[in-house]
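Written out below as structure tokens is the structure these notes cover.
The values are calculated or read from the model by the stated rules, or taken from the named source; none is laboratory data. Quick caveat, the model's predicted, so the values are computed rather than measured. Cβ: placed from backbone, ideal geometry, glycine included. Neighbour counts: every protein chain shown. Note: areas computed on protein heavy atoms with side chains; ligands, DNA, RNA excluded. Shrake-Rupley method; radii C 1.70, N 1.55, O 1.52, S 1.80 Å.
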Amino acid sequence: TSIGSEAFTWCEKLKSITIPNSITSIGDRVFYQCTGLTSITIPESVTSIGKNAFENCKKLTSIIIPDGVKSIGNMTFSSCYALTEIVIPDSVKSIGYEAFELCFSLKSVVIPAKVTKIEERAFVGCKSLTSVIVDEGNPRYDSRENCNAIIETATNKLILGCSQTIIPESVTEIGEEAFSSCDSLTIPEGVTSIGAEAFRN
């Protein structure tokens, strides 16, 4: 019913794996450093995926997180360089620290309505992002005016932008490490604070 922590850690020649429907829990660092893993099927029965579970799976190109998973842990998909697509299900409520850090090939992110916590550096280094959308029903975050960014609604703080972001006039703060790439930007007059490393690289 569960796969224990570090069960397949450093299995560098593992290319694909199918997890059976009996599994409900994937532990911490289960597929850490499985650098040859290109595909994985996670069944709908899985409701828990641990920290660093897929960290450094450098050839993994896409993954579907099952409905029922309520949180994406710290560094779960960190350094998945080839990951181009990720579907975050409506059941997810939180996205952990550096969850998608250095996913260089990730092109789009859709934040569901129930997500009320996005930890620091969750998407830092995602330099290929061109589309960032927050579900309109989300009470904590928004993508007002189709801006291609994640804005913390209560504070008007932009926490994640991309190469296609247009910063709305209502934004007053640009968060730390908000942009991993940008072609050009106009910063509105109302912005009074720009966080550390906001435009790094």
Once both label points are put 7 Å beyond Cα along the C-beta direction, the residue 2-residue 191 separation in nm becomes 4.5 nm
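Using only the heavy atoms of the protein chains and a 1.4 Å probe, how would 194, 159 rank by accessible area, largest first?
194, 159
What ratio of Cα Rg to 2.2 N^0.38 Å holds for the chain? Working shown, then result.
Details: Rg = 17.0 Å, N = 201, 2.2 N^0.38 = 16.5 Å.
Rounded to two decimals, the normalised Rg is 1.03.
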Rg from C-alpha atoms of the stretch 26-99, normalised by the globular rule of thumb 2.2 N^0.38 Å, equals 0.97
The stretch 1-45: C-alpha gyration tensor shape, a/c 1.5 cut-off, then a/b vs b/c: oblate
Can you list the HN-Hα couplings for the stretch 114-127, worked out from phi with the Karplus curve (6.51, -1.76, 1.60; θ = phi - 60°), rounded to whole Hz and with x for Gly and Pro? 7, 5, 10, 8, 10, 6, 4, 6, 4, 10, 5, x, 7, 7
Per the Kirkwood definition applied to all pairs of different Cα atoms, how many angstroms is the hydrodynamic radius of the stretch 86-141? 11.4 Å
Could you work out how far the C-alpha centroid of the stretch 124-169 sits from that of the stretch 40-78, in angstrom? 23 Å
Would you please give the FRET efficiency between residue 47 and residue 14, computed as 1/(1 + (r/R0)^6) with r the Cβ-Cβ distance and R0 = 22 Å, to the nearest 0.05? 0.40
Stretch gain in nm, segment residue 39-residue 82, where the contour uses 0.36 nm per residue and the Cα spacing is subtracted: 14.4 nm
For the stretch 16-154, what is the accessible area per residue in Å² when the probe is 1.4 Å? 41 Å²
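State the dimensionless ratio Rg/Rh of the stretch 92-201 (Rg: radius of gyration of Cα atoms; Rh: Kirkwood radius). Walk me through the numbers on the way to the answer.
Numbers: Rg = 12.4 Å, Rh = 13.5 Å.
Looking at the stretch 92-201, the ratio lands at 0.92.
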